[in-house]
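Input: one structure, supplied below.
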Amino acid sequence: MDTIPAGGPIILFDAECILCSANAQFVLSQDGEKRFRLASMQGEVGSALYRRFGIDPGNPDSIIVVDGEHMLRDSDAVLSIYAGLGWPLKVLSVFRLVPRFIRDPLYLLIARNRYRLFGKRDSCWLPSPEYRDRLL
């Protein structure tokens, strides 16, 4: 993939992870302005974007948000998603005041243990038909 698909920010997530899929469903249901698009790391677009930014899509330890040529990862990605969803969720962006050296290790602890803590699907989560136009 040479170009990033045009449109709003793309959230790249693990569609086999129950926690990640639940978060993707939450974002879709709360994003009334349809700002975000989603791509699973298991899909063609998602895995290509992970590789483009130097992350192995077969063993990622992070959610990433791609906006144009810019990428956010770890706790910065999560906080940018909630900031982009508007009020009242935008208030969570106050956690940006917490230094990354504190936020990121906590995020990575959960991310690296997500299957053990929350479970893993046998197949990728698929959105309901009303959201399919927002998945890449």
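Could you tell me which of the residues Ala77, Ala83, Ala24 is at negative phi and out of contact with any strand residue (DSSP E or B) (no Cβ under 7 Å at 6 or more places or on another chain)? It would help to see each step written out before you state the result.
Details: Ala77 fails: out of contact with any strand residue (DSSP E or B) (no Cβ under 7 Å at 6 or more places or on another chain); Ala24 fails: out of contact with any strand residue (DSSP E or B) (no Cβ under 7 Å at 6 or more places or on another chain).
Selected residue: Ala83, the only one of Ala77, Ala83, Ala24 that is at negative phi and out of contact with any strand residue (DSSP E or B) (no Cβ under 7 Å at 6 or more places or on another chain).
Still on this structure: Let me spell it out: the conditions are (1) within 16 Å of Ser21 (Cα to Cα); (2) in a loop (DSSP other than H, G, I, E, B); (3) aromatic (Phe, Trp, Tyr), and Trp87 meets all of them except one. Which number is the exception?
Here Trp87 clears every test but (1).
Name the one entry in Ile55, Ile81 that is open to solvent by less than 30 Å² (accessible area, probe 1.4 Å), hydrophobic (A, V, I, L, M, F, W, C) and modelled with pLDDT under 90. Reasoning before the result, please.
Numbers: Ile81 fails: modelled with pLDDT under 90.
From the options Ile55, Ile81, the qualifying one is Ile55.
Could you check how many residues of the stretch 58-68 are crowded, with 20+ Cβ neighbours inside 10 Å and either on the phi > 0 side of the Ramachandran plot or in contact (Cβ under 8 Å) with a residue 60 or more places away in the chain (or both)?
Of the residues in the stretch 58-68, 1 are crowded, with 20+ Cβ neighbours inside 10 Å and either on the phi > 0 side of the Ramachandran plot or in contact (Cβ under 8 Å) with a residue 60 or more places away in the chain (or both).
Is it the case, given these coordinates, that Arg96 is within 24 Å of Asp133 (Cα to Cα), touching a Leu at 6+ places or on another chain (Cβ under 9 Å) and either without any contact (Cβ under 8 Å) to a residue 24 or more places away in the chain or open to solvent by 30 Å² or more (accessible area, probe 1.4 Å) (or both)? It would help to see each step written out before you state the result.
Details: within 24 Å of Asp133 (Cα to Cα): no; touching a Leu at 6+ places or on another chain (Cβ under 9 Å): yes; either without any contact (Cβ under 8 Å) to a residue 24 or more places away in the chain or open to solvent by 30 Å² or more (accessible area, probe 1.4 Å) (or both): yes.
When the stated conditions are applied, Arg96 does not pass them.
Considering only the stretch 26-78, how many residues are assigned to a helix (DSSP H, G or I) and of a type in the set (Ser, Thr, Tyr)?
Within the stretch 26-78, residues that are assigned to a helix (DSSP H, G or I) and of a type in the set (Ser, Thr, Tyr) number 4.
Looking at the stretch 18-48 only, could you name the residues that are open to solvent by 10 Å² or more (accessible area, probe 1.4 Å) and in contact with a helix residue (DSSP H, G or I) (Cβ under 6 Å, 6 or more places away or on another chain)?
Once the filter is applied, which keeps residues that are open to solvent by 10 Å² or more (accessible area, probe 1.4 Å) and in contact with a helix residue (DSSP H, G or I) (Cβ under 6 Å, 6 or more places away or on another chain), the stretch 18-48 yields Ile18, Leu19, Arg35, Arg37, Ser40, Met41.
Quick check: is even one residue across the stretch 3-14 touching a helix residue (DSSP H, G or I) at 6+ places or on another chain (Cβ under 7 Å), over 20 Å from His70 (Cβ atoms) and either part of a strand (DSSP E or B) or open to solvent by 10 Å² or more (accessible area, probe 1.4 Å) (or both)?
No, every residue in the stretch 3-14 fails to be touching a helix residue (DSSP H, G or I) at 6+ places or on another chain (Cβ under 7 Å), over 20 Å from His70 (Cβ atoms) and either part of a strand (DSSP E or B) or open to solvent by 10 Å² or more (accessible area, probe 1.4 Å) (or both).
The values are calculated or read from the model by the stated rules, or taken from the named source; none is laboratory data. Keep in mind that this is a model prediction, so the values were computed, not measured. Note that we place each Cβ from the backbone using ideal geometry, even for glycine, and neighbour counts take in every protein chain shown. Protein only, heavy atoms only, side chains kept; ligands, DNA and RNA dropped before computing areas. Shrake-Rupley method; radii C 1.70, N 1.55, O 1.52, S 1.80 Å.
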